[in-house]
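The values are calculated or read from the model by the stated rules, or taken from the named source; none is laboratory data. Everything numeric here is computed off the predicted structure, so don't read it as measured data. Note: ideal-geometry Cβ built from the backbone for every residue, glycine included; neighbour counts use all protein chains shown. All accessible areas refer to the heavy atoms of the entire protein, side chains included, with ligands and DNA or RNA removed. Shrake-Rupley method; radii C 1.70, N 1.55, O 1.52, S 1.80 Å.
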Amino acid sequence: QVQLVESGGGLVQAGGSLRLSCAASGRTFSRYTMGWFRQAPGKEREFVAALSWSDGSTYYADSVKGRFTISRNNAKNTVYLQMNSLKPEDTAVYYCAADPRPRYSGSRGMDYWGKGTLVTVSS
């Protein structure tokens with residue numbers, strides 16, 4: 001069982017930056033592929049970024065490529081999402097998720113989810 005708690009959300013102006021953190025419980029955090037997803041008001045949840053535990057491969061949605069960076073610190077059982085050059089359309093609740101598979105295989109592979117943290121980008 002893995003419990004995930006996101007933090008770092010807030011209100012930021014367009015063009016600004018935020019770093020989200022996701023703290024995970026459990027002793028095998030290093031063997032979980034981690035992902036970030038988001039859900040904007042009135043929209044479906046969408047993929048943002050993922051980091052495979054087996055080889056460190058990263059994956060990004062086209063909408064955030066070049067602006068967001070996913071990383072992890074296994075010693076701290078934490079995964080991060082650095083968000084730069086934020087846009088109003090990045091406004092959403094951001095969720096952290098964990099998948100025990102060695103490589104990212106889509107949101108359906110994510111077995112554990114956090115409760116989310118709200119990011120609001122003002123224009």
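Please go through the stretch 44-58 and give me each residue that is open to solvent by 60 Å² or more (accessible area, probe 1.4 Å) and either closer than 19 Å to S85 by Cα or at pLDDT 95 or above (or both), ordered by number. Across the stretch 44-58, the qualifying residues are E44, R45, E46, T58.
Going by what's in this entry, would G42 be described as within 30 Å of L11 (Cβ to Cβ) and free of Cβ contacts under 8 Å to residues at least 40 places away in the same chain?
Against the criterion (within 30 Å of L11 (Cβ to Cβ) and free of Cβ contacts under 8 Å to residues at least 40 places away in the same chain), G42 qualifies.
Counting only residues that are outside any loop (DSSP other than H, G, I, E, B) and either closer than 21 Å to Q3 by Cβ or touching a Ser or Thr at 6+ places or on another chain (Cβ under 6 Å) (or both), the stretch 84-118 holds 15 of them.
Is it the case that G66 is in contact with a Leu (Cβ under 7 Å, 6 or more places away or on another chain) and part of a loop (DSSP other than H, G, I, E, B)? Give the derivation first.
On the way: in contact with a Leu (Cβ under 7 Å, 6 or more places away or on another chain): no; part of a loop (DSSP other than H, G, I, E, B): yes.
So G66 fails the test.
Go through the stretch 19-52 residue by residue and tally those that are more than 12 Å from the chain's Cα centre (by Cα) and not basic (K, R). Residues flagged as more than 12 Å from the chain's Cα centre (by Cα) and not basic (K, R) within the stretch 19-52 amount to 12. Counting the residues of the stretch 5-43 that are buried (at least 22 other Cβ atoms within 10 Å of the Cβ), out of contact with any helix residue (DSSP H, G or I) (no Cβ under 8 Å at 6 or more places or on another chain) and of a type in the set (A, V, I, L, M, F, W, C) gives 5. Checked against the criteria, A75 counts as free of Cβ contacts under 8 Å to residues at least 24 places away in the same chain, surrounded by fewer than 19 Cβ atoms within 10 Å (Cβ to Cβ) and closer than 21 Å to V2 by Cα.
Restricting attention to the stretch 86-107, the residues that are open to solvent by 60 Å² or more (accessible area, probe 1.4 Å) and farther than 15 Å from L51 by Cα total 2.
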